[in-house]
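Here is the structure we will look at.
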Amino acid sequence: MKGSPVPPAPSGEIVQLGIVGVLLLLILFYGATMWMSVSISRKKENADDYMTAGNKIGFGVSAASMTATWIWASSMYASVTAGYTYGVSGPIHYGLWGALMILFIYPFGKRIRKVAPRAHTLAEVMYARHGRSSQLMLAGSNVLGSVISLTSNFIAGGAIIAMLSPLNFGHGILIIAAGVLMYTLWSGFRASVLTDFAQVVAMLGAAVIIIPAVFLLAGGPSIFAEGVAAGHVTPQQESFFSSDAFMNQGAPYIAAVLAYAIGNQTIAQRLFAVREDLIKPTFITATIGYGATVIGIGMLGVMALYLGVEPMGGDVNNLMPQMVGTYLPVALVALAFIMIIGSLSSTADSDLAALSSIVMTDIYGQSVGRKNVNPKLMILIGRLTMIVATGLALYFATAKFNILDLLVFVGALWGCLVFPVIASFYWKKVTNKAFTLSVIAALVVFLPVRFTLIPITGAWALVVELLAIIGVGVVLGIMSFGFFGKRVAVIVGVVSILAVLPFGFGYLRDFETLSGSLVAYSVSFLVCYLLSFRSTQNFDFSSIRKVTGDFDDETLTADEDIDLPGATAAVGRSTDS
């Protein structure tokens, strides 16, 4: 009923935009991004600019691009789910830790850019540091991860189009895939970062309007008192300091996002593209933008919890469009639609750009040698990679593969890689053998823990918990190392282990997701350290500059940075244009 804070039953109608309305919004959105992409196109494309935009992106575009890439459709849906599942602390544990992980990247990013200022991928740097096996581990995990991420974004797009219009899921994923591929294919990474600016403005603007509007139209502050009185929430869900939320949501997410931040090519690509002296302000700005947006959107889930809303079809992923379609007028539903399409497109184009860079650099470039690369063929390979990846993602989206299991697997692989990758940029003693075996060992131990292939009982449970306790020290030590150096990192790591030791045994075994992630960190650390500390290797980091670098002789020579305003002119300028 109008004015009532009580939502309609799950079978109640939600606002739909209609076929014409949805198509007009999609044409407007993807037409604008295509126009931006065409405006920066050049008659003779540069292979390095296609991958990293000349390593000179300015502050405005780089900060917007990092924010937009980190805010993907799944993060919006997951934050809403966290709010609905764990109450008021759910979105905080999701958004805050994700935001802080962006911040934790920048000190490592500065070191990475110092030793490899003109690299294109982290795998390329690992090739220069260790050799082929380490490179293939990073490149392979990123290919799989980006295809899965692309699939997830297509699924989110298809679902929102199916819910808010008469079009079905199949129509939705085809439209999203075609729209993203169309503008990214044209100018590669340059198109991705420039369109990210417009997409993040649309997302942030929509969030500022939509969240308060749903809150007020759903009943305002009274929904909280009425939700408690109706018994819709538990004491844990009411608490800002919920231990349930921290152990099941916050703690596993800290470990997972740290792995994502260090291992993922979509983030590394932006790190290599931004002007080196702008790394710190870029990541700080993205930290604030991501945290505020994702935590705010998660409050839709909190509102749904207090209102007693039942997710349509029993699927919590329907909560965000369900809340929007239930309480907002059609104009604001259209705005929310653009917000979601912008979030998934900004990450989908980043996945395409990342995949093309990996194939261009780590498969083609390194196989023929940097001096023997054909830039035209390289760009063609990059574009063909985008087309193939889009086709694979569409197939996975319709074949109903278990995306969650695949994401867990890829996330674990990145968790296994975090310590070896970071150590390889600082410690001269780390060998290729130590890197490779530490990742393999961590993965071998992780899988039975995460999927309980071996029951976590008896002696095995004690081993898992001991490794998980060590993993706590490794994660917190890595975070401390970036900002405060080795001595503080060791102190923080040891103190963390000692602090968790009294209650870790007999307790951590009940949290498979958290224990699995921590085990991946601890095993990779232990194996990598034990195989390296007696090594006689004394690696010369300056040699990385000689192995990595530009593939194309035609490089960006203008002094102007890629930024807004004036981004269109600067991003497309080269010696041949």
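The values are calculated or read from the model by the stated rules, or taken from the named source; none is laboratory data. The shown structure was predicted, so the numbers you read here are calculated from the model rather than taken from an experiment. Using ideal geometry, Cβ is built from the backbone for each residue, glycine included, and neighbour counts are taken over all protein chains shown. Keep in mind that these areas ignore ligands, DNA and RNA; they rest on the heavy atoms of the full protein, side chains included. Shrake-Rupley method; radii C 1.70, N 1.55, O 1.52, S 1.80 Å.
Overview of values
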{"quantity": "Helices (runs of 4 or more DSSP H) wholly inside the stretch 438-556 containing at least 3 residues that are open to solvent by 70 Å² or more (accessible area, probe 1.4 Å) and within 21 Å of Gln249 (Cα to Cα)", "calculated": "none"}
{"quantity": "Condition check for Gln265: under 18 Å from Ala63 (Cα atoms) and either touching a residue at least 24 places away in the same chain (Cβ under 8 Å) or open to solvent by less than 20 Å² (accessible area, probe 1.4 Å) (or both)", "calculated": "yes"}
{"quantity": "Residues (over 21 Å from Ala259 (Cα atoms) and in contact (Cβ under 8 Å) with a residue 24 or more places away in the chain) located in the stretch 496-529", "calculated": "Val500, Leu501, Gly504, Phe505, Gly506, Tyr507, Arg509"}
{"quantity": "Single unsatisfied condition, Pro221 versus (1) open to solvent by 70 Å² or more (accessible area, probe 1.4 Å); (2) under 13 Å from His93 (Cα atoms); (3) of a type outside the set (Phe, Trp, Tyr)", "calculated": "(2)"}
{"quantity": "Inter-residue pairs, beta-carbon under 7 Å, first under 17 Å from Gly83 (Cα atoms) and in the stretch 212-228, second of a type in the set (Phe, Trp, Tyr) and crowded, with 17+ Cβ neighbours inside 10 Å, 6+ apart", "calculated": "Val214/Tyr327; Ala218/Tyr327; Ile223/Tyr306; Phe224/Tyr306; Gly227/Tyr306"}
{"quantity": "Meets criteria (of a type in the set (S, T, N, Q) and open to solvent by less than 30 Å² (accessible area, probe 1.4 Å)) for Ser187", "calculated": "yes"}
{"quantity": "Matching residues in the stretch 247-260 - criterion: being within 27 Å of Val302 (Cα to Cα) and surrounded by 18 or more Cβ atoms within 10 Å (Cβ to Cβ)", "calculated": "Asn248, Gln249, Gly250, Ala251, Pro252, Tyr253, Ile254, Ala255, Ala256, Val257, Leu258, Tyr260"}
{"quantity": "The stretch 501-527, residues that are more than 26 Å from the chain's Cα centre (by Cα) and within 17 Å of Leu443 (Cβ to Cβ)", "calculated": "Leu526, Val527"}
{"quantity": "Close pairs from the stretch 303-328: first modelled with pLDDT of 85 or more, partner polar (S, T, N, Q) and open to solvent by 20 Å² or more (accessible area, probe 1.4 Å), Cβ under 6 Å, at least 6 apart", "calculated": "Pro311/Asn318"}
{"quantity": "Selection count where residues are among the aliphatic types (A, V, I, L, M) and either outside any helix (DSSP H, G or I) or surrounded by 22 or more Cβ atoms within 10 Å (Cβ to Cβ) (or both), scope the stretch 270-291", "calculated": "4"}
{"quantity": "Neighbours by Cβ (under 9 Å, 6+ apart or cross-chain): first from the stretch 232-250, of a type in the set (Phe, Trp, Tyr); second surrounded by 18 or more Cβ atoms within 10 Å (Cβ to Cβ) and part of a loop (DSSP other than H, G, I, E, B)", "calculated": "none"}
{"quantity": "Test: residue in the stretch 218-225 that is polar (S, T, N, Q), farther than 28 Å from Met182 by Cβ and in a helix (DSSP H, G or I)", "calculated": "yes"}
{"quantity": "Condition check for Thr234: of a type outside the set (Lys, Arg) and open to solvent by 30 Å² or more (accessible area, probe 1.4 Å)", "calculated": "yes"}
{"quantity": "Some residue of the stretch 123-133 being open to solvent by less than 10 Å² (accessible area, probe 1.4 Å), in a helix (DSSP H, G or I), touching a residue at least 40 places away in the same chain (Cβ under 8 Å) and within 30 Å of Asp315 (Cβ to Cβ)", "calculated": "no"}
{"quantity": "Some residue of the stretch 33-50 being open to solvent by 10 Å² or more (accessible area, probe 1.4 Å), modelled with pLDDT of 85 or more, touching a helix residue (DSSP H, G or I) at 6+ places or on another chain (Cβ under 7 Å) and over 30 Å from Phe481 (Cβ atoms)", "calculated": "yes"}
